[in-house]
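A short worksheet on the structure shown next.
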Amino acid sequence: MDWVQSAALALLLVFALAAGLGLGNDWLWGHNGYNGAAFSQAARNTLRFAEIGQAQYWTAPTPPPSEIIYAHHPLLLHLHVAVMFVLFGEHEWAARLVPAIYSVLSAAMLYFLVRRLWGSRVAVVSLFVFVCLPIDLIYANMVDHEQGSIFWSLVMLHHYLRLRETGARRNLWGLLAATFMACQFDWPPYYIAFFLFLHALVGGLRRHPVKLRQTAEFSFLVVFGAFVLVNFFGYFLWIFLKMGSLRNMVDSFVSRSASPDDIWSQTLTRLPDMFPALVLSLAAFWLISFLVRLGRGQSQMRDLLPLSYFLAQTVHQAVFKEAGYLHVYWFYHAAPFVSVASGIALVASARFVTNFRAFDDSASPSGVRRLLVAAALGAILLSLFVAGVRGMAWARPLEGSPYAHKGQQNQDLVYVARWLGEHTARDQAILFHESLPVRIEVVWYFDRVHALVPDLDLDELPAVIGPCEPAYYVLDIAEAPPEAYQGFLREGRPATLMNGHILAINLSTLSDTQALNESLELVQEEPTLWSTYWKSPWGARAHWVSEPTGIDVLARLRTIDSSPTGPSP
């Protein structure tokens with residue numbers, strides 16, 4: 001193993017460690033928590049009801065109706081998560097293994113492909129850039145479509161280029177298999193497949209302007225084009241048969257393609273947060289040089305690798321403008337372009353300076369020049385490493401939503417949700433006062449039918465709970481008015497006070513025994529080296545402990561007069 005391979009292996013190991021950071025953390029909030037919980041719930045329902053569609057928000061004990069199926073993305077992500085749940089159980093870390101593994105595989109595939117096309121030095125520099133990009137470090141284990149899409153589209157490009165070089169049938173089969181996998185993860189691989197089709201068509205017309213239809217290239221165009229179209233329209237046919245129409249997809253497209261007023265200014269502001277300005281400049285330099293070479297007729301087949309991702313990201317950003325406005329990780333498919341293009345530009349610049357004959361060798365010996373170039377290259381790579389670490393330290397604690405600045409708002413609610421799941425049955429329902437921000441990150445943990453209500457009347461229960469028996473009414477006494485809960489307490493319904501402000505009223509029982517009340521306090525556990533890595537430095541483990549003084553608060557809540565401000569526990 002030479003030094004380049006050793007360096008590549010070391011980079012992959014470090015990236016794997018970064019992808020594993022926080023693997024076992026809770027679904028808290030932000031892109032990380034929301035996406036992780038939603039696709040994990042879809043995987044849970046796939047296993048529970050043999051439902052291949054993505055029922056992301058369904059928690060009832062009956063199979064989900066077709067109208068609630070999420071169809072805006074293909075199906076492979078949540079099916080991968082379902083496989084992980086079968087193998088390891090329904091855990092956050094099992095779901096996060098899918099993007100984490102694909103992130104590392106993408107880095108390895110990028111290195112392999114660039115090494116074959118440009119050589120070992122460009123490969124290891126491109127790999128270094130890839131694993132140091134803030135977007136890769138921030139979202140390496142976020143449960144979403146991009147990681148698998150990038151890996152399989154890299155495999156697509158590998159087999160396409162090998163097919164053009166050798167014509168081997170195994171590469172055709174590899175291309176078709178990789179295209180299927182990539183396109184069932186996300187939409188950008190369809191753009192890449194279209195670019196490859198155009199590339200093959202233009203190349204075929206240049207070589208066979210008259211008799212293209214009689215060549216093997218024409219057969220490839222027919223087979224590959226038909227295969228991609230079957231994948232694309234097959235998915236839409238499945239949606240139509242499942243949901244009875246394509247209205248949901250049309251509405252989603254109209255919404256996601258809307259153009260907010262400040263979209264381009266925001267894009268230009270946030271792009272450098274995910275890709276340092278230095279690598280963006282280097283990638284732009286490569287793109288300009290490619291256009292010059294293209295104009296001179298000097299472009300090469302290997303240029304397809306970075307170019308495909310540049311075009312795919314450009315189309316993706318231009319078509320789904322509103323989605324890109326809301327999700328900064330929408331830039332994800334630009335990562336291979338930026339990494340490879342800047343890697344090529346860096347190595348080419350280093351070689352140019354080292355071999356530039358205009359230097360006076362007596363004043364600048366070649367050895368000194370090489371040393372200076374190596375030092376400059378090292379400084380550049382070090383700055384990229386620092387930018388990547390700073391980006392991860394900035395956005396990971398904010399759950400991949402660094403522009404929201406909400407903090408860990410669901411930390412205690414996650415533990416409340418776990419408690420509710422342990423104290424209810426699948427055929428029971430949980431009712432929440434509107435004072436509590438109950439989202440899918442919290443719902444994942446209790447996994448029961450639930451409803452959000454402004455006021456609760458047991459004689460007029462929300463229709464959404466259906467035949468399920470209401471088990472608990474949960475509210476935040478710091479936000480909800482006393483009249484929202486005081487009547488239930490005076491009736492003698494047992495209640496549990498959690499963390500001094502979350503009140504869970506048992507709707508299944510009436511009793512005059514005060515001992516049925518309890519007060520719990522969330523106590524943080526002492527972090528260990530392993531828990532710091534597993535839960536992440538900004539996560540925490542905690543458990544409930546009985547808090548006797550809280551019973552006095554519950555007793556006071558039973559007798560307090562209604563007031564606009566509510567009680568002060």
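The values are calculated or read from the model by the stated rules, or taken from the named source; none is laboratory data. Just so it is clear, the model here is predicted, and its values are computed rather than measured. As a convention, Cβ positions derive from the backbone with ideal geometry for all residues, glycine included, and neighbour counts pool all protein chains shown.
None of Leu420, Leu436, Leu431, Leu461 is outside any helix (DSSP H, G or I) and either touching a Phe, Trp or Tyr at 6+ places or on another chain (Cβ under 8 Å) or crowded, with 23+ Cβ neighbours inside 10 Å (or both) except Leu431.
Does Gly566 qualify as being modelled with pLDDT under 75, in a loop (DSSP other than H, G, I, E, B), over 15 Å from Leu489 (Cβ atoms) and not hydrophobic (A, V, I, L, M, F, W, C)? Let's see the steps before the verdict.
Numbers: modelled with pLDDT under 75: yes; in a loop (DSSP other than H, G, I, E, B): yes; over 15 Å from Leu489 (Cβ atoms): no; not hydrophobic (A, V, I, L, M, F, W, C): yes.
It is false that Gly566 is modelled with pLDDT under 75, in a loop (DSSP other than H, G, I, E, B), over 15 Å from Leu489 (Cβ atoms) and not hydrophobic (A, V, I, L, M, F, W, C).
Okay, residues lined up against (1) surrounded by 17 or more Cβ atoms within 10 Å (Cβ to Cβ); (2) under 19 Å from Gly391 (Cα atoms); (3) at pLDDT 90 or above:
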{"site": "Leu307", "(1), (2), (3)": "yes, no, yes"}
{"site": "Ala312", "(1), (2), (3)": "yes, no, yes"}
{"site": "Val328", "(1), (2), (3)": "yes, yes, yes"}
{"site": "Phe352", "(1), (2), (3)": "no, no, no"}
{"site": "Ser364", "(1), (2), (3)": "no, no, no"}
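For region 89-157, please list each of the helices (runs of 4 or more DSSP H) lying entirely inside it that holds at least 2 residues being surrounded by fewer than 24 Cβ atoms within 10 Å (Cβ to Cβ) and not assigned by TED's automatic domain parsing to the domain that holds Ser342.
Working: elements: 92-118, 120-132, 134-138.
Filter on region 89-157 gives an empty set.
Number of residues in region 164-198 that are modelled with pLDDT under 95 and either of a type in the set (Val, Ile, Thr) or in a helix (DSSP H, G or I) (or both): the value is 4. Against the list (1) under 30 Å from Ser126 (Cα atoms); (2) loosely packed, with under 15 Cβ neighbours inside 10 Å, the condition Phe275 fails is (2).
So, Ala555, is that one outside any strand (DSSP E or B) and either within 42 Å of the chain's Cα centre (by Cα) or at pLDDT 90 or above (or both) or not?
Values: outside any strand (DSSP E or B): yes; either within 42 Å of the chain's Cα centre (by Cα) or at pLDDT 90 or above (or both): no.
Taking the combined requirement at face value, the residue does not satisfy it.
Number of residues in region 208-221 that are in a helix (DSSP H, G or I) and either surrounded by 11 or more Cβ atoms within 10 Å (Cβ to Cβ) or touching a Phe, Trp or Tyr at 6+ places or on another chain (Cβ under 8 Å) (or both) equals 7.
Kindly evaluate Gln298 against the criterion of being modelled with pLDDT under 95 and among the polar types (S, T, N, Q). It would help to see each step written out before you state the result.
Values: modelled with pLDDT under 95: yes; among the polar types (S, T, N, Q): yes.
Spelling it out, Gln298 is indeed modelled with pLDDT under 95 and among the polar types (S, T, N, Q).
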